[in-house]
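> The structure is given below, and queries will be raised subsequently.
The values are calculated or read from the model by the stated rules, or taken from the named source; none is laboratory data. As the structure is a computational prediction, the values presented were derived from the model and not from experiment. No Cβ is skipped: glycine too gets one built from the backbone with ideal geometry, and neighbour counts run over all protein chains shown. These area figures cover heavy atoms from the full protein model, side chains too; ligands, DNA and RNA do not enter into them. Shrake-Rupley method; radii C 1.70, N 1.55, O 1.52, S 1.80 Å.
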Amino acid sequence: MEKHVTIIGAGIGGLTTALTLQQKDFQVTVYESASEIKPVGAGIIMANNAMQIFQKLGIQHKIENAGNKISSIKITDEQLSVLSELNLHKFEEKYKTYNVAIHRSDLLKILSEAVGMENIILSKRLSKIERNESFVLTFEDGTTVKSDILIGADGINSVVREQLFEPSIIRETNQLCWRGVTEVSVSEKYQHDAYEAWGKGKRFGIVKINDTKTYWFAVVNDHLANKQPIDLSDLFKSFHKDVLALINSTPEKDIFKSEIKDLKPISKWQSKNVCLIGDAAHATTPNLGQGACQAIEDAYTIGQLLESDKSFEQVFKEYERLRVKRAHYIVNTSWRMGKIGNLENNLGIWARNTTLRMTPESMNSKQLDKIFSIDYVFNKSRE
């Protein structure tokens, strides 16, 4: 079997794939378009399913030490009155791992150091792929590389997907998102709890990512933010004072704005010796906090399948079969959650909040169990 693999994209998915393959004795080269490995966004929560894989890869404790363990997720109203609480202690005990909130830059640093910077080539933006018996990759700087095995981990606007697969559709949610990190002191109640406040056409999330820093995000239906310049404090003036304090304490240069999009589900992720992972295959909205986690599952599934005597072509087909239904479930559920969380109709908001209050914890726990349980990665991939 060919022992050298080329990966396009040094994000969380690409680097986790590289690390997984290295631990299976494959040589890996990762090509990254940016001139340095730096995060887009600010904070992120590595959910229990991702942390189980990091446990297997031997970097669980590095991530836990660099981040902040989260033991409950609270959905609240604008004034942070709890509508629904997801207690995570059961899953901590079951899987011996935690949900961890961490700065993206800290996570990428841990992953890139584990992979080795000598295996990551920066400032290599892919522009053209020629496919014959093998692949010839041409980068914007004019250099070319020949590769027999190619993995596209290059995000929602994947060049690999665009040039080697059928046309796909990027869907607009008509929602805008702002992300920021601040060092302002916050209440003890945020120490190990993640909060997401649902208002009218807008949401606000709060989670501590280490001892000194708090990550926040704001999601707004785009038509509510059509005034220029946009004043986030004004948009969230009806929310709890802690929300306004977080916004006002964050320098404008440290606030990142983006449109929320996803990839309309596609079922073809592989073709002979090439496959797509992460956002390139199944970009999702951030409403379940599963985008990067699903890329990590992709990476480890491929690694587990490579323990067999199957060819890469067979492995990629089996990877697609094992992963596609679950990934589409995450994409579709996250899309619905985003619409529900940003309702503007008063009656709809009342019904939503009432339903959240009345939903038993056992039902919420069952939903989380479906997301966190990844036995198929460890067991089915060896069948």
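> Compute the normalised compactness of the stretch 266-383: alpha-carbon radius of gyration over 2.2 N^0.38 Å, N being the residue count.
Working: Rg = 17.3 Å, N = 118, 2.2 N^0.38 = 13.5 Å.
Compared with the compact-globule rule of thumb, the stretch 266-383 sits at 1.28.
> For labels at ASP231 and HIS61 in the simple 7 Å Cα→Cβ model, what's the distance in nm?
Here the answer is 5.1 nm between the modelled labels.
> How much accessible surface does SER168 have with a 1.4 Å probe, in Å² rounded to 10?
Rounded to the nearest 10, that gives 40 Å².
> Just read off the accessible area of MET46 with the full protein assembly in place, 1.4 Å probe, to the nearest 10 Å².
Per-residue accessible area (MET46): approximately 0 Å².
> If I model a spin label at SER134 and LYS241 as a point 7 Å from the Cα along the Cα→Cβ vector, what separation in nanometres do I get?
Spacing of the two 7 Å Cα→Cβ label points: 6.6 nm.
> Continuing with the same structure: Determine ³J(HN,Hα), in whole Hz, for all residues of the stretch 305-310 in sequence, where each value follows from phi through the Karplus function 6.51 cos²θ - 1.76 cosθ + 1.60 and θ = phi - 60°; x replaces Gly and Pro.
3J(HN,Hα) across the stretch 305-310, in whole Hz: 5, 6, 6, 7, 8, 6.
> Another question about this same structure. Return the FRET efficiency for the residue pair LYS366, GLU344: r is the Cβ-Cβ distance, R0 is 22 Å, and the value is rounded to the nearest 0.05. Let's see the in-between values first.
On the way: r = 29 Å, r/R0 = 1.34.
Calculated value: 0.15.
> Okay, next question. Take VAL82 and GLU36, extend 7 Å from each Cα along the Cα→Cβ direction, and tell me the distance between the two endpoints in nm.
Spacing of the two 7 Å Cα→Cβ label points: 4.1 nm.
> Something else about it: What FRET efficiency comes out for VAL145 versus PHE378 if R0 is 41 angstrom and r is the Cβ-Cβ distance? Round to the nearest 0.05.
Values: r = 33 Å, r/R0 = 0.82.
Once the sixth-power term is evaluated, E becomes 0.75.
> Amide H neighbours of GLN175 under 5 Å, at least 5 residues apart or on other chains, H built in the peptide plane: list them.
Here the answer is ASP222, ILE260, since their amide H atoms fall under 5 Å of that of GLN175.
> Rounded to whole Å and sorted largest first, what semi-axes of the equivalent ellipsoid does the C-alpha gyration tensor of the chain yield via the square root of 5 times each eigenvalue? Kindly include the intermediate steps, with their values, before the conclusion.
Values: eigenvalues 249, 101, 81 Å².
Sorted largest first and rounded, they come to 35, 22, 20 Å.
> Efficiency by 1/(1 + (r/R0)^6): what FRET value for SER308 and LYS96, r their Cβ-Cβ distance, R0 = 30 Å, to the nearest 0.05?
On the way: r = 27 Å, r/R0 = 0.90.
About 0.65, to the nearest 0.05.
> Right, here's the next one. List every residue whose amide H lies under 5 Å from the amide H of ILE70, counting only residues 5 or more places away in sequence or on a different chain, with H placed 1.01 Å from N in the peptide plane.
Correct list: ASN99, VAL100, ALA101.
> Pairs LYS38/LYS90; LYS69/LYS370; LYS146/LYS310; LYS227/LYS325; LYS310/LYS366; LYS56/LYS128: which are spaced more than 29 Å apart, C-alpha to C-alpha?
Working: LYS38/LYS90 34 Å; LYS69/LYS370 21 Å; LYS146/LYS310 23 Å; LYS227/LYS325 41 Å; LYS310/LYS366 35 Å; LYS56/LYS128 35 Å.
Pairs exceeding the cut-off: LYS38/LYS90; LYS227/LYS325; LYS310/LYS366; LYS56/LYS128.
> Same structure, new question: Report the residue, chosen from ASP309, ASP148, ASP369, that carries the largest GNM mean-square fluctuation when the chain is represented by alpha-carbon nodes joined by springs under 10 Å.
In this elastic network of the chain, the residue with the biggest mean-square fluctuation among ASP309, ASP148, ASP369 is ASP309.
> For ASP279, what accessible area in Å² do you get when you roll a 1.4 Å probe over the heavy atoms of the protein chains, rounding to the nearest 10?
Surface accessible to solvent at ASP279 totals approximately 60 Å².
> Related question: 222 nm [θ] for the chain, helices only, -39500 (n - 2.57) per DSSP H run of 4+, per residue, to 500? Show your work: numbers first, answer last.
Details: 14 runs with 143 residues, N = 383.
Computed ellipticity for the chain at 222 nm equals -11000 deg cm²/dmol.
> For the stretch 326-332, take each phi angle, set θ = phi - 60°, evaluate the Karplus expression 6.51 cos²θ - 1.76 cosθ + 1.60, and give the result in whole Hz per residue in order, putting x for glycine and proline.
Result, rounded to whole Hz: 5, 4, 5, 4, 5, 4, 6.
> May I ask for the distance between the Cα centers of the stretch 247-278 and the stretch 1-28, given as a whole number of Å?
Centre-to-centre (Cα) distance: 20 Å.
> Tabulate in residue order the Karplus-calculated ³J(HN,Hα) for the stretch 297-304, using 6.51 cos²θ - 1.76 cosθ + 1.60 with θ = phi - 60°, rounded to whole Hz; enter x for Gly and Pro.
Per-residue couplings from phi come out as 4, 3, 4, 6, 4, 4, x, 5 Hz.
> Under 5 Å between amide H atoms, partner at least 5 residues away or on a different chain: which partners does LEU83 have, H built in plane at 1.01 Å?
Under 5 Å from the amide H of LEU83: ILE75, THR76, ASP77.
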